[in-house]
Amino acid sequence: MRSIGELARASGLTVSALRFYDRSGVLVPALVDPVTGYRWYADDQVLPARLVAGLRRVGMPLAEIAAAVRHRAEPAVVGRLLDAHLRRLEDGLTDARRELSRVRALIDHEEHPMTTRLVLSRADLAAAIDAVRFAVGTDPELPVLSGVLFDVATDGVRLVATDRHRMAVARVPGAVDGPARRLLAPVALVDAVRELSGVDGGADAHLRLDGDGLTVTVAGREVGGAALPDEFPDYQRLLGTRVPAYRITVDVPALRAQVAGRPPARVLRHEGVDVPVTVLGLDDAGGLRVLDDAALADAAPDAVRLGVNGRYLLDALDAGDRGQLLLELDGPIAPLAVRRPDDADAYSILMPIRL
């Protein structure tokens, strides 16, 4: 047996860190002396402790460290956790570079106004707007959510919309000339851009972000307008890079018929409005099914159940515009992700409803 100090030296963790991971249930001592309270660890706990130390150094969240320790004998599971965290770190570095670029642009803006130009596929732009438009907020008390964010990077633009209860994201690759920047376009301007993107002729859409405005030109026709003055929420924090417990490919027409063709399992009253709650679960083969009230009552206590706003789910299915979509779910308190199997950059997230 090793004392806590010996395990600290062998693993690279501090004594206080080992105490923390004991309290968190991540690395529990093999023995705790009932008289002195001293913690003692077995030799086979050195490797898990070193694993915790390494993951801690790269900033992996506690829940994912715990999962890595639990599944350390399953390399494929741990590999997915590591890949997800690496993507999160890479995204964070990309975001930091983009934010620093914006800071430089803000500092130089008055003296050196900057213009960013993009050339995008007209069809791709139209499809991206269709993929996010349903999630635009309509609450007059939250005007910052009443538009679509155009988040321009070096290789294209990401469109984002949210009303707090759901969020939709789509990306359009393209040629970019100018600094990375963000612009929050009002929904009326977005709708005008969508209409313009649907015109015949002209394969490309030309976007100009200049000052506080957006101008889009397609086949000689142009629409433009001023951006909303508010700062859009930090949507990156909402995306996450978790590894979902279940990733299920669904037939969209069949699932839509189930959701629309039967009464909701619950109806909740929220802010004076009736909200139909659709409850999703798993069938015996591990596929997705919609639970009615009777099935919900008969479900085992530990069965997978996730409640979402049924109208929002139908909107997400319609925006996907595909015969098949990929649904990712974890449990009753984790968001539901609706993804396109052929496009990792286009998806929506629906917040869960407690049952």
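The values are calculated or read from the model by the stated rules, or taken from the named source; none is laboratory data. These figures come from a predicted structure and were not determined experimentally. Positions of Cβ are backbone-derived with ideal geometry, glycine not excepted, and every protein chain shown enters the neighbour counts. In case anyone asks, the SASA skips ligands and DNA or RNA and just uses the protein heavy atoms, side chains included. Shrake-Rupley method; radii C 1.70, N 1.55, O 1.52, S 1.80 Å.
If I ask for residues that are out of contact with any Phe, Trp or Tyr (no Cβ under 6 Å at 6 or more places or on another chain) and of a type in the set (Asp, Glu), which ones from region 293-317 would you list?
Taking region 293-317 first, the residues out of contact with any Phe, Trp or Tyr (no Cβ under 6 Å at 6 or more places or on another chain) are 293-314, 316-317.
Within region 293-317, ASP293, ASP298, ASP302 qualify.
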Query raised in the report: Is region 132-147 home to any residue that is of a type in the set (Phe, Trp, Tyr), in a helix (DSSP H, G or I) and either in contact (Cβ under 8 Å) with a residue 12 or more places away in the chain or more than 25 Å from VAL243 (Cα to Cα) (or both)?
Result: yes
Counting only helices (runs of 4 or more DSSP H) entirely within region 183-294, those with at least 2 residues that are polar (S, T, N, Q), touching a residue at least 60 places away in the same chain (Cβ under 8 Å) and open to solvent by less than 80 Å² (accessible area, probe 1.4 Å) are none
